Structures are given as C-alpha cells and as structure tokens.
Amino acid sequence: MRPDARTRWRCRRGMLENDLLLGRFLDHGYDQLDQEGRDAFERLLGYPDDVLLQVVLGRQETVDPGIARLVPIIRAAAATRAED
C-alpha cells in the first residue's frame with residue numbers, strides 16, 4: 001500500500017535530514033508495512049523532529065516496540081541508492 005497524501009505531507013519536516021530519511025522510506029519501504037507497521041509510523045511522525053532523528057539514527061531508544069521494529073526498516077530504506 002502506497003502512502004496517502006496526508007502521510008507524505010506529515011513527512012515534510014523542519015529538518016532536512018528527516019525529510020531525506022522519511023522520503024526515502026516512503027519511496028522504498030512504506031508499501032511493505034502491514035497495518036501495525038503503518039500505525040507505528042504514524043506514532044513516529046508524532047515525535048518532535050530532533051527526537052525523531054535521534055531515534056531513527058539509533059542515538060536514542062524508544063519505549064514503543066512498534067517503532068523499535070520500524071527503525072531498522074527505515075534505516076535500510078534510507079541506505080538504498082536512488083535508481084532515478
């Protein structure tokens with residue numbers, strides 16, 4: 001399932017790093033999530049920009065097990081090379 005316009009808009013953040021990480025994930029990983037994964041992603045988007053970046057980079061732990069499972073998927077998507 002591709003992300004809807006609302007989700008894509010919520011991925012536009014105040015930090016370029018987050019924009020790049022989340023945008024790459026939307027293009028190369030989001031469609032593989034089940035409903036539980038999509039719900040965890042929505043919770044992650046509720047984090048402040050600085051916390052979101054620290055969690056995704058592994059510099060800060062999260063107590064949310066769904067987000068913890070999602071972080072490696074986001075990192076893997078961010079590591080993919082653009083084929084455009």
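All of the numbers you see were taken from the coordinates with simple rules; none came from a lab. The model shown is predicted, which means the values in this text are computed figures rather than measured ones. Please note: Cβ atoms are built from the backbone with ideal geometry, for glycine as well, and neighbour counts cover all protein chains shown.
Return yes when Ala78 is of a type in the set (Gly, Ala, Ser) and out of contact with any Gly (no Cβ under 6 Å at 6 or more places or on another chain) and no when it is not.
So Ala78 fits the description; yes.
Does Asp31 satisfy the criteria of being part of a helix (DSSP H, G or I), exposed (fewer than 12 other Cβ atoms within 10 Å of the Cβ) and of a type outside the set (Val, Ile, Thr)?
Against the criterion (part of a helix (DSSP H, G or I), exposed (fewer than 12 other Cβ atoms within 10 Å of the Cβ) and of a type outside the set (Val, Ile, Thr)), Asp31 qualifies.
Filter segment 4-28 down to the residues that are outside any helix (DSSP H, G or I), more than 9 Å from the chain's Cα centre (by Cα) and in contact (Cβ under 8 Å) with a residue 12 or more places away in the chain and list them by number.
Answer for segment 4-28, where residues must be outside any helix (DSSP H, G or I), more than 9 Å from the chain's Cα centre (by Cα) and in contact (Cβ under 8 Å) with a residue 12 or more places away in the chain: Arg13, Gly14, Met15.
Given the conditions (1) within 12 Å of the chain's Cα centre (by Cα); (2) assigned to a helix (DSSP H, G or I), which single one is not true for Tyr47?
(2)
Output the residue which, of all residues in segment 50-79 that are in contact (Cβ under 8 Å) with a residue 12 or more places away in the chain and charged (D, E, K, R), is farthest from Leu33 (Cα to Cα).
Applying the filter and picking the extreme gives Asp50.
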